[in-house]
1. Which net charge results when you count Lys and Arg as +1 and Asp and Glu as -1 among the other residues whose beta-carbon is under 13 Å from that of residue 177?
2. Taking the C-alpha atoms of the stretch 3-61, how large are the radius of gyration and the largest Cα-Cα span, Dmax, in Å?
3. Which ³J(HN,Hα) values in Hz, rounded to whole numbers, follow from the phi angles of the stretch 139-150 under the Karplus curve 6.51 cos²θ - 1.76 cosθ + 1.60, where θ = phi - 60° and Gly and Pro get x?
4. Which residue, 188, 164, 150, tops the fluctuation ranking in a GNM of the chain built on C-alpha contacts under 10 Å?
5. Nearest-5 percent of antiparallel DSSP beta bridges in the stretch 67-203?
6. I'd like to know which of 105, 3, 138 lies farthest towards the positive end of the charge dipole of the chain, counting +1 on Cβ of Lys and Arg and -1 on Cβ of Asp and Glu.
7. What is the pair-distance distribution P(r) of the stretch 82-175, computed from all Cα-Cα distances in 5 Å bins starting at 0, with each bin given as a whole percent?
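Derivation of every value follows stated rules applied to the coordinates shown; laboratory data play no part. Given the structure is predicted, the values throughout are model-derived calculations rather than measurements. FYI the Cβ positions are ideal-geometry reconstructions off the backbone, even for glycines, and counts take in every protein chain you see.
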Amino acid sequence: AGVDQSITLPTNSTTLDGSGSADPDGTITNYAWVKISGPVGGTISNPSSVTTTVTGLSQGVYQFELTVTDNDGAIDKDTMQITVNAAPNVPPTANAGIDQSITLPTSSTTLDGSGSADPDGTITNYAWVKIAGPVNGTITNPSSVTTTVTGLSQGVYLFELTVTDNDGAIDIDTMQITVNAAPNVPPTANAGIDQVITLPTSS
């Protein structure tokens with residue numbers, strides 16, 4: 001019946017590659033494939049051919065049996081196994097948003113992230129964390145995809161967004177916030193009011 005096989009979804013078909021050795025006193029007259037165990041799926045395209053495809057396989061372990069018959073009705077059987085593995089989990093996609101620049105005295109801004117759901121699941125968690133920058137800077141709601149960050153001081157910050165799907169797969173993206181120093185405010189000069197004096201007063 002051929003060697004055992006292992007495939008991984010979304011591949012759901014393979015070839016049953018059997019063979020039959022002619023007996024010394026006759027000839028082979030018939031081949032017959034049959035599925036003897038496994039999930040509901042799995043259709044043998046041509047059960048009477050020594051080599052045939054099997055389609056519509058789903059996750060699980062299948063046993064296929066090949067029966068070879070000679071011209072005197074004698075038979076021999078052999079079994080092979082196909083293991084169909086689940087499709088690997090596709091991780092989600094994290095987007096922490098565009099880099100930002102603010103100038104003091106403005107000391108807060110919005111972390112506007114997003115997460116694209118993977119094709120085989122749903123997003124279950126968002127997590128923001130500050131990974132670099134001055135000591136100040138408080139994330140208001142770290143588990144929300146969009147949140148404010150407050151108390152920023154002059155410097156460069158890096159904020160990281162982690163997106164997790166329902167199978168535990170993650171994706172991470174980082175954005176930067178540059179906080180510029182407040183512009184210098186110039187002083188105000190006042191030379192006083194204009195004056196008029198009359199000589200001989202000279203000062």
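1. Charge balance near residue 177 sits at -2.
2. 13.5, 45
3. 7, 5, 9, x, 9, 9, 5, 10, 8, 8, 10, 10
4. Greatest mean-square fluctuation among the candidates belongs to 188.
5. Of those bridges, close to 90 percent are antiparallel.
6. Final value for the positive-end residue is 105.
7. Reading the bins upward from 0: 3, 14, 22, 20, 13, 9, 7, 5, 3, 2, 1, 1, 0, 0.
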